[in-house]
Amino acid sequence: MDTPPKKMNIRPAQEHEAEALSALALQAKAHWGYSADTIESWREDLSISGDTIASRPTFVATVGDGIAGFYSLAPSTQSWKLDHLWVLPQLMDRGIGRALVAHALETAVRGGASCVTVDADPNAESFYLACGAERCGEVPAPISGQPKRVRPQLTFRFDMQIVLATIDDASAILELQKLAYHAEAILYNDWSIPPLTQTLAELRAEFADWKILKASCGNRIVGSVRAIERKGICSIARLMVHPKDQRQGIGGRLMQTIESLFPKAAKFELFTGDKSEGNIRLYERLGYCSSRTERLSANVSLVFFEKPGPRAL
Ligand SMILES: CC(C)(COP(=O)(O)OP(=O)(O)OC[C@H]1O[C@@H](n2cnc3c(N)ncnc32)[C@H](O)[C@@H]1OP(=O)(O)O)[C@@H](O)C(=O)NCCC(=O)NCCS
């Protein structure tokens, strides 16, 4: 993607620009190739009124004297909504959309938002994901000729923090562990896997020599991972994310953060069950290669993964 045009500027929209902005939204939406009838049926949703411009944070990007795009936010107590984000088709792919998103997120953070949600057009999903949004779901949105069309529901979160857990977090982490590994127990038809049988005393004892991370949203722990370094080998274990919060990149972020805590490791290693295809994909994406397999029980075989640590590079 190109950098924004040099003369681009972002300024508050003015009430009298409502008609021009509504026309721009229609033009940008039509760019995805929807039929004229479909675009017409969305005319009201795509319009923005002078009242909205006056009452909600609405900003335009200008290039020279012309309007190149705009956004409008619907504020609320915690979760704000990005109601409009449009760029003129002839000025797309020049970084204007990204600049508007960055401006919108900053506006929302300053206003006290803990997240910004987007009810997105399916064609715009990859753009929002590239800007750092997470996909939290989808709603059916069939149109003529596309009965399976859905609108992705995306969220920019500002409130997720990854920090070292303390022993006071032990019982919350153990509860999360039992919940997260439930799916693994079902997959292997084995309810005696160590994450499910670990006791609170055992987990509390691990705080002595393991580094244990927690990912939290507000005061809710949504994920965790732990690691220990012995003789230059950093073993990573118990990567977990609350089932409701999975597939939003939290597992990947936990892995990157835990690795960063071991700058002297010559090697990182971890294992997962051979049927846990999602876990295997995640580790491979993070640069891990399988090194060996080990049969644990009749139902479970473990696949060991490793990757060079910073000291080996
Ligand atoms: C393994 C586990 C920790 C992964 O956590 P996670 O937060 O879902 O991981 P990520 O979101 O980083 O990645 C998982 C998938 O979500 C996708 N994803 C990430 N961000 C996304 C987003 N914003 N929108 C849609 N999908 C997204 C990833 O691409 C990946 O997809 P894939 O399965 O098709 O490869 C979680 O599934 C878990 O707790 N499982 C149970 C315990 C367990 O098995 N732990 C591992 C022991 S070895």
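No value in this document is a laboratory result; all are computed from the given coordinates. Predicted model, so just to flag it, every value in this text is computed and none were measured. FYI the Cβ positions are ideal-geometry reconstructions off the backbone, even for glycines, and counts take in every protein chain you see.
Relative contact order for the chain: what percent, with Cα pairs under 8 Å and sequence separation of 6 or more? Show your work: numbers first, answer last.
Details: 551 pairs, mean separation 33.4, N = 313.
Over the chain, the number comes to 11 percent.
Between Leu200 and Gln27, the modelled labels are 6.4 nm apart [label points 7 Å from Cα along Cα→Cβ]. On C-alpha positions alone, give me the angle between the axis of helix 250-260 and the longest principal axis of the chain, in degrees, nearest 10. Rounded to the nearest ten degrees, it is 60.
Hey, if you put +1 on the Cβ of every Lys and Arg and -1 on every Asp and Glu Cβ in the chain, which of Gly137, Ile233, Ile186 ends up farthest toward the positive end of that dipole? Projecting each Cα onto the dipole axis, the largest value belongs to Ile233. Computed from Cα atoms, the angle from the helix 170-188 axis to the main principal axis of the chain rounds to 90 degrees. The reciprocal of the average 1/r between distinct C-alpha atoms defines the Kirkwood hydrodynamic radius, which for region 8-157 equals 15.7 Å.
Let me have the relative contact order for region 147-214, percent, based on Cα pairs under 8 Å that are six or more residues apart.
Details: 33 pairs, mean separation 33.0, N = 68.
Once normalised by length, the contact order is 49 percent.
So how much slack lies between Ser192 and Thr77, counting 0.36 nm per residue of separation and subtracting their Cα-Cα distance, in nm? Walk me through the intermediate numbers first.
On the way: separation 115, 0.36 × 115 = 41.40 nm, distance 4.41 nm.
Result for the pair: 37.0 nm of gain on full extension.
In plain terms, if you count all Cα to Cα distances in region 41-103 and split them into 10 Å steps from zero, the share in each step is 20, 50, 28, 3 percent. Dipole magnitude for the chain: computed about the Cα centre from +1 point charges on Lys and Arg Cβ and -1 point charges on Asp and Glu Cβ, it is near 1040 debye.
At an R0 of 45 angstrom, the distance between the Cβ atoms of Leu286 and Ser47 translates into a FRET efficiency of 0.50.
With the convex hull of the Cα atoms taken as the outline of region 114-208, the averaged projected area works out to 9.4 nm².
Between Ala102 and Glu138, the contour length at 0.36 nm per residue exceeds the Cα-Cα span by 10.6 nm. Using Cα atoms only, what is the angle between the long axis of helix 18-30 and the major principal axis of the chain, expressed in degrees (0 to 90) to the nearest 10? Around 60 degrees separate the two axes.
Could you tell me the distance between the Cα centroids of region 125-147 and region 228-244, to the nearest Å? Computed from Cα coordinates, the inter-centre distance equals 32 Å.
Remark: relative contact order (region 214-290) = 27 percent; criterion is Cα-Cα distance under 8 angstrom and separation of 6 or more residues.
Our helix-only sum for the chain, with -39,500 (n - 2.57) per DSSP H run of n ≥ 4 divided by its residues, gives a mean residue ellipticity at 222 nm of -9000 deg cm²/dmol. In angstrom, the C-alpha Rg and Dmax of the chain are 23.8, 72. Restricting attention to region 137-268, the count of lysine pairs at 8 or more positions apart or across chains with alpha carbons under 30 Å apart stands at 15.
Remark: region 159-203 is approximated by an ellipsoid whose semi-axes, taken from the C-alpha gyration tensor as √(5λ), come to 23, 14, 6 Å, largest first.
For a modelled paramagnetic label at Gln14, 7 Å from Cα along Cα-to-Cβ, the residues of region 62-101 in reach, with backbone nitrogen under 14 Å, are 62, 65-67.
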